[in-house]
1. Can LEU158 be described as outside the structural domain of SER52 (by TED's automatic domain parsing), at pLDDT below 85, in a helix (DSSP H, G or I) and under 30 Å from ARG34 (Cα atoms)?
2. In this structure, is SER66 assigned by TED's automatic domain parsing to the domain that holds GLN13, within 30 Å of VAL133 (Cα to Cα) and modelled with pLDDT of 80 or more?
3. Please count how many residues of segment 19-38 are surrounded by fewer than 17 Cβ atoms within 10 Å (Cβ to Cβ) and touching a Gly at 6+ places or on another chain (Cβ under 9 Å).
4. Are any residues in segment 28-48 free of Cβ contacts under 8 Å to residues at least 24 places away in the same chain and in contact with a helix residue (DSSP H, G or I) (Cβ under 7 Å, 6 or more places away or on another chain), and if so, which ones?
5. Out of all the residues in segment 102-142, which are surrounded by 14 or more Cβ atoms within 10 Å (Cβ to Cβ), basic (Lys, Arg) and modelled with pLDDT of 80 or more?
Amino acid sequence: MDRDWTRLGKALQAARRALGVTQEEMANALGVGRSVIQLIEGGNEYKKPTASMRTYATRVGWADGSIERVLAGGEPIQAAAGAPAAEPGRTADENPVETGLPVRIVHELKSRGDLLDTAVIPLGDGASMVVVVKGKPGASVDEIERNLEAWREAQGQLMELDYRRAAAKDQQPDA
């Protein structure tokens with residue numbers, strides 16, 4: 001079966017532009033680099049549609065199965081208003097669009113290794129950074145202990161970010 005990757009790329013690009021979204025904005029929404037968007041829109045040939053392509057299609061309002069329709073020469077189907085479609089084979093809980101997280105973060109959270117720890121690091125002015133620490137699959141107790149010790153050292157350095165910012169702010173004269 002011939003697949004027209006160029007047709008798919010042009011269709012996704014047209015849909016993105018119709019929404020007034022730049023390649024950079026789409027890349028940020030998908031949690032990928034701009035080069036990924038350029039490859040997709042450029043009609044790069046793939047063995048099969050990727051997760052990034054599916055999320056891209058969802059972001060521009062296409063329903064499930066639209067990518068395959070466009071690759072086969074058809075037209076995409078618009079998803080029901082206000083209800084982004086989940087990727088085929090995934091529940092709404094597993095759908096990156098539904099979580100609001102970038103695809104690469106969802107992928108990393110669901111992939112290999114045990115969850116060792118999490119932290120929320122304040123960055124000042126109400127901003128924060130969320131850190132998820134994962135170990136390698138099948139790690140021994142000693143390996144997990146070494147990983148946690150490395151994390152404790154890194155966590156201390158990250159926590160200093162907020163203290164340095166607060167100290168710098170305290171040293172500024174009041175206006």
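1. yes
2. no
3. 1
4. Passing the criteria: GLY33, ARG34, VAL36, ILE37, GLN38.
5. LYS134
Here is a yes/no grid of residues against (1) out of contact with any Cys (no Cβ under 9 Å at 6 or more places or on another chain); (2) among the basic types (Lys, Arg); (3) assigned to a loop (DSSP other than H, G, I, E, B):
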position: LEU39; (1), (2), (3): yes, no, no
position: ASN44; (1), (2), (3): yes, no, yes
position: LYS47; (1), (2), (3): yes, yes, yes
position: SER52; (1), (2), (3): yes, no, no
position: TYR56; (1), (2), (3): yes, no, no
position: ASP64; (1), (2), (3): yes, no, yes
position: GLY73; (1), (2), (3): yes, no, yes
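The values are calculated or read from the model by the stated rules, or taken from the named source; none is laboratory data. These figures come from a predicted structure and were not determined experimentally. Because the Cβ atoms are built from the backbone with ideal geometry, glycine has one as well, and the counts that use them run over all protein chains shown.
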